[in-house]
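For reference, the structure is listed below as structure tokens.
The values are calculated or read from the model by the stated rules, or taken from the named source; none is laboratory data. Everything quoted here is computed from the prediction, not taken from an experiment. Every residue, glycine among them, receives a Cβ derived from its backbone with ideal geometry; neighbour counts consider all protein chains shown.
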Amino acid sequence: MVDVSGSAAGGGTDGDTACPDAWVVLVADPVTGETDAFGPFDREAARADAARRRAEHAAEGLDEVLVVTVPLTPPED
């Protein structure tokens with residue numbers, strides 16, 4: 001199971017000062033090519049949801065599934 005939720009690729013580090021208010025949990029399965037997003041959540045709720053999804057996938061032996069938290073940003077005009 002890959003965990004990048006605390007890295008820049010997964011939405012920043014705990015020291016971020018410009019932390020977005022809304023986060024989503026992104027789940028990608030490289031075997032099937034399926035991708036899904038869940039949320040929006042506040043940052044802590046997104047982390048908790050991602051941890052739950054990682055544990056569920058690991059329990060099912062789906063270690064290749066990527067579960068990350070990413071900031072939800074509004075589209076630029």
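Six or more apart or on different chains, Cβ under 9 Å: which pairs go from a residue in region 47-75 that's over 19 Å from W23 (Cα atoms) and among the small types (G, A, S) to one that's surrounded by 18 or more Cβ atoms within 10 Å (Cβ to Cβ) and at pLDDT 95 or above? Could you list them?
From residues that are over 19 Å from W23 (Cα atoms) and among the small types (G, A, S), the pairs are A58/V65.
To keep it simple, each residue is scored yes or no on (1) touching a Leu at 6+ places or on another chain (Cβ under 6 Å); (2) modelled with pLDDT of 95 or more; (3) surrounded by fewer than 18 Cβ atoms within 10 Å (Cβ to Cβ).
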| residue | (1), (2), (3) |
| --- | --- |
| S7 | no, no, yes |
| G15 | no, no, yes |
| P20 | no, no, yes |
| P30 | no, yes, yes |
| A37 | yes, yes, yes |
| R54 | no, yes, no |
| V65 | no, yes, no |
| E76 | no, no, yes |
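Any idea how many residues of region 49-77 are over 14 Å from D36 (Cβ atoms) and of a type in the set (S, T, N, Q)?
Within region 49-77, residues that are over 14 Å from D36 (Cβ atoms) and of a type in the set (S, T, N, Q) number 1.
Being part of a helix (DSSP H, G or I) and among the aromatic types (F, W, Y) is the filter here; which residues of region 20-67 pass it? Can you show your working first?
Filtering region 20-67 for residues part of a helix (DSSP H, G or I) gives 43-59.
Across region 20-67, there are no qualifying residues.
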